Amino acid sequence: KAGRHPWVPWNRAKYALLVGLLLMSFFGVHWTGVFDPLPLLYRSVATALYSGSQYLIEDGATAVYVGDPVIAGFHVKSLTEPVYQGLRNSVFQDKVQAFNGGALILLLFVGIVVLNVVRPRFWCRYVCPLGGLLGFVSQRPWVRLKHTSACNGCGRCAQQCPAGADPDKAKEWRATECFGCWNCVASCNRGAVNFGVGMPFSSASEAKLDLSRRFLLSSVGGGFTGLMMARISPQSRANVFEPGLIRPPGARSEREFMDRCQQCGVCMKACPTNGLQATLFEAGIEGIWSPMLVPKAGYCAYSCNLCGQVCPTQAIEPLPLEEKNKVKIGLASFDTGRCLPYACGRECMICEEHCPVSPKAIYVIQTEVKLRDGSTVVLKQPHVDPDKCTGCGICENVCIFKDRAAVRVTSANESRHAKNRPFLPGQAALLPAPSVVPPAATPSSGSNPYGS
């Protein structure tokens, strides 16, 4: 009948995805966060919709304010400015955030919404693994649809059913597909259908969950295929470390972290510097959309431990601030071919000035450097103390080189992985002590545009 959305064999697809994800989880690959509706919704809102809306509103309001268009003597900005001020003060209080992979996440979300034109509740009916789990456990429900003798089989209830649960068929109602939206009850003008309590041990109808042996074997095969895809990359091995995969402080060991992480994006949205970004393939296919610190985008603030506080599964442990500031998430190193005091014979102290730890992890050694004209100058060349550096990334973030920083942070020396530490246990650091140059020997800061 027109407007009706019947049950089709594709409704079983969500059960296949559920079986595949459960199999992968049994072997330690947790990809449920990619498909689960709650992490998917929050990830889409936090990393795409919220940021995109803020960008459009701020840039749109600025364009109207600068252009000051006038329509029939009415200044449009007199209407847009109060709206913009209200949104900025109550909704968009933080600066605009941008996330790696945000466009892909937004595209997926928009695609899910658009698919509702093809079939109402498309994601819920065909894809959602949580829907498959709920459907599986609701084969013999307590609350079930009941028909009275007033039903004349008009089919109005079936036309309003978004799940294709066949509510118009007294003996073929599909409890496993029913959303419990009560649209069928509301649409019946005869009061012929309603929900009531029934014995859970008895079958709700003659309609059965059609999961054949071939279907289940195919689902298991799909799960093993997904498992191989996740584990075939080098990043899945315990002795291979991606230099750019800098996990937030408090993150557990990579295997335990991935077991817990739902890829929901809560920690990324909470990061005040926008430093936490979604991974693409830095952690392999298994770790897609999990958080990592990207120092060029933002650093790990010394006075912040929000990521551990908001993580819903404690994949990032909620460490006290004092303890969090002692955790090493990486190690900074200098590219002497780009660093100004090394490569260009010019002073620069930006990285050392911004280093937040005390005593500073970046220290300087005064070195006599011979210039092109044969003259010499004493410059303060920066070095890193690996015993003090926590890998917070602020040095890379503030480096004068904005294309590719002269100081870069990698995941080396992170606290959570003993195999990713380049220094032998108990090895003492033989670092020359910083010295003080008399004022007369220090280059004039007035002639140096890069000086502190």
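General remarks:
- Residue within the range 101-112 that is part of a helix (DSSP H, G or I), open to solvent by less than 30 Å² (accessible area, probe 1.4 Å) and either within 15 Å of residue 187 (Cβ to Cβ) or among the acidic types (Asp, Glu) (or both) present: no
- Residue tally, condition of a type outside the set (A, V, I, L, M, F, W, C) and open to solvent by 50 Å² or more (accessible area, probe 1.4 Å), over the range 121-132: 1
- Residue in the range 31-42 that is touching a helix residue (DSSP H, G or I) at 6+ places or on another chain (Cβ under 8 Å), at positive phi and open to solvent by 40 Å² or more (accessible area, probe 1.4 Å) present: no
- Yes/no for residue 135 being open to solvent by less than 70 Å² (accessible area, probe 1.4 Å) and in contact (Cβ under 8 Å) with a residue 40 or more places away in the chain: yes
- Qualifying positions in the range 381-420 - in a strand (DSSP E or B) and touching a helix residue (DSSP H, G or I) at 6+ places or on another chain (Cβ under 7 Å): 381, 382, 407, 408, 409
- Among the residues examined, residue 98 qualifies as assigned to a loop (DSSP other than H, G, I, E, B), under 13 Å from residue 52 (Cα atoms), at pLDDT 85 or above and open to solvent by 60 Å² or more (accessible area, probe 1.4 Å).
- Looking only at the range 175-209, residues that are assigned to a loop (DSSP other than H, G, I, E, B) and surrounded by 13 or more Cβ atoms within 10 Å (Cβ to Cβ) come to 17 in all.
- Of all residues in the range 274-292, those that are within 15 Å of residue 30 (Cα to Cα) have Cβ atoms under 8 Å from Cβ atoms of residues that are β-branched (Val, Ile, Thr) and open to solvent by 10 Å² or more (accessible area, probe 1.4 Å), 6 or more apart or on another chain, in 288/34; 289/34.
- Helices (runs of 4 or more DSSP H) completely within the range 1-92 that count 2 or more residues being within 17 Å of residue 131 (Cα to Cα): 13-26, 32-35, 37-44
- Meets criteria (over 25 Å from residue 303 (Cα atoms), of a type outside the set (S, T, N, Q) and within 31 Å of the chain's Cα centre (by Cα)) for residue 372: no
- Comparison of 79, 49 shows that the only residue that is over 18 Å from the mean Cα position of the chain (by Cα) and either modelled with pLDDT under 90 or surrounded by 15 or more Cβ atoms within 10 Å (Cβ to Cβ) (or both) is 79.
- Residue list for the range 140-162, restricted to those being within 16 Å of residue 186 (Cα to Cα) and in a strand (DSSP E or B): 144, 145, 146, 147
- Of the criteria (1) in contact with a Leu (Cβ under 7 Å, 6 or more places away or on another chain); (2) closer than 14 Å to residue 306 by Cα, which one residue 265 fails: (1)
- Within the range 288-331, the residues that satisfy the criterion of being on the phi < 0 side of the Ramachandran plot and among the aromatic types (Phe, Trp, Tyr) are 299, 302.
- Flag set for residue 377, criterion: in a strand (DSSP E or B), surrounded by fewer than 19 Cβ atoms within 10 Å (Cβ to Cβ) and either touching a strand residue (DSSP E or B) at 6+ places or on another chain (Cβ under 9 Å) or of a type outside the set (Phe, Trp, Tyr) (or both).
- Pairs, first at positive phi and modelled with pLDDT under 85 in the range 159-188, second open to solvent by less than 40 Å² (accessible area, probe 1.4 Å) and hydrophobic (A, V, I, L, M, F, W, C), C-beta under 8 Å, six or more apart: 164/8
The values are calculated or read from the model by the stated rules, or taken from the named source; none is laboratory data. Because the structure is predicted, anything quoted here is derived from the model rather than measured. With ideal geometry, Cβ positions are generated from the backbone for all residues, glycine too; neighbour counts draw on all protein chains shown. Side chains included, ligands, DNA and RNA excluded: accessible areas come from the protein's heavy atoms. Shrake-Rupley method; radii C 1.70, N 1.55, O 1.52, S 1.80 Å.
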